[in-house]
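The values are calculated or read from the model by the stated rules, or taken from the named source; none is laboratory data. What you are looking at is a predicted structure, and each value in this text was computed from that prediction instead of being measured. Counting neighbours? That spans all protein chains shown, and the Cβs are built from the backbone with ideal geometry, glycine included.
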Amino acid sequence: MKIAAIQMRSGLNPSENLAALEPMLAEAAAAGASYVLTPEVTVIFPENREQLASVAAPFDNHPELRRIGALARQHAMFIHIGSLAIPLPDGRFANRSVLFGPDGAMVTTYDKIHLFDATIAGLNAYRESATYAGGEAAVTADLGEFTLGMSICYDMRFPKLYNSLANAGANLIAVPAAFTVPTGEAHWHVLLRARAIETGSYVIAAAQGGHHSNGRATYGHSLVIDPWGRIVAELDHDAPGVLVAEIFPEQVTDARERIPALANARNFALPGAL
């Protein structure tokens, strides 16, 4: 199975972001990809809630999602929009992944569970919880040869989610992201390789990269990692681009047989813990 990660430099205009995405989807399709992942905040990359509220569209009949569904049907492939912001009744937003099937129909969605509230030296504080509401459910989807596990960016720091996805049958895990440059340089590769190794799964990470119109800078370096933790393909930069890799179910089986960590895991008590 061929899969593709699309690296973007999304801005504040959904139409412009979609216009940049369309030729990259066509490139992935021409390369034979049957599943394509885009980054976190594909449709709009805001700096604050006010920017987001001015352009975010309701989920029902969402104009960009309608177009993406049509493109999935046109190219006869799964298109996984890494995330976009969806307005919620309380004034916040869901950071939502959306998966379309080759027939153009929406297969499933996933709302980002873990929210990035952190202060990084030299950068403005990040407070995702001021704008977004965290999701509550892990999600998998059938891609035929593979079962997809869905996650978004900061989720990658929480191994329990990935263990749960693998135990639910996932053997290809998607990590769309908009990683900061300092944390990307320090943690991007090691965290993603760890998630692949500990679950014996392929990991595909599609990233935002470069300097954005909202003032942020993101790390890029979209990549695909095999179940043994080897990086099999990478865009070694922060510019927009398309990364295509071929993946093999038997490599998942081999890795999980060689190191049966999922099968060997045990529950345990921690005395004194609440």
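Under 6 Å by Cβ, and 6 or more places apart or on different chains, what pairs join a residue from segment 254-274 that is within 12 Å of GLY200 (Cβ to Cβ) and touching a residue at least 60 places away in the same chain (Cβ under 8 Å) with one that is small (Gly, Ala, Ser) and surrounded by 10 or more Cβ atoms within 10 Å (Cβ to Cβ)?
As it stands, the answer is LEU262/ALA166, since those pairs meet every condition given.
Looking only at segment 141-169, which residues are closer than 18 Å to VAL36 by Cβ and of a type in the set (Gly, Ala, Ser)?
Matches in segment 141-169: ALA141, GLY144, GLY149, SER151.
Of all residues being touching a Leu at 6+ places or on another chain (Cβ under 7 Å) and not β-branched (Val, Ile, Thr) in segment 193-210, which is surrounded by the fewest Cβ atoms within 10 Å (Cβ to Cβ)? Just the residue, please.
Checked segment 193-210; the qualifying residue surrounded by the fewest Cβ atoms within 10 Å (Cβ to Cβ) is GLY200.
Residues are listed down the side, and each one gets a yes or a no for (1) under 17 Å from the mean Cα position of the chain (by Cα); (2) under 22 Å from GLN51 (Cα atoms); (3) modelled with pLDDT of 95 or more:
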position	(1), (2), (3)
ALA118	no, yes, no
GLU128	yes, yes, no
TYR132	yes, yes, no
ILE173	yes, no, yes
ARG195	yes, no, yes
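In the set VAL232, VAL244, which member is touching a helix residue (DSSP H, G or I) at 6+ places or on another chain (Cβ under 7 Å), outside any loop (DSSP other than H, G, I, E, B) and either closer than 14 Å to TYR202 by Cα or of a type in the set (Asp, Glu) (or both)? So that I can check it myself, show each step before the final result.
Working: VAL232 fails: touching a helix residue (DSSP H, G or I) at 6+ places or on another chain (Cβ under 7 Å).
One residue alone meets the criteria, VAL244.
Among ALA118, ALA53, ALA70, which is the only one that is surrounded by fewer than 19 Cβ atoms within 10 Å (Cβ to Cβ), hydrophobic (A, V, I, L, M, F, W, C) and without any contact (Cβ under 8 Å) to a residue 12 or more places away in the chain? Don't jump to the end; show me each part of the working.
Details: ALA53 fails: without any contact (Cβ under 8 Å) to a residue 12 or more places away in the chain; ALA70 fails: without any contact (Cβ under 8 Å) to a residue 12 or more places away in the chain.
Only one candidate qualifies: ALA118.
Being among the hydrophobic types (A, V, I, L, M, F, W, C), crowded, with 23+ Cβ neighbours inside 10 Å and assigned to a loop (DSSP other than H, G, I, E, B) is the filter here; which residues of segment 10-43 pass it?
Passing the criteria: ALA33, VAL41, VAL43.
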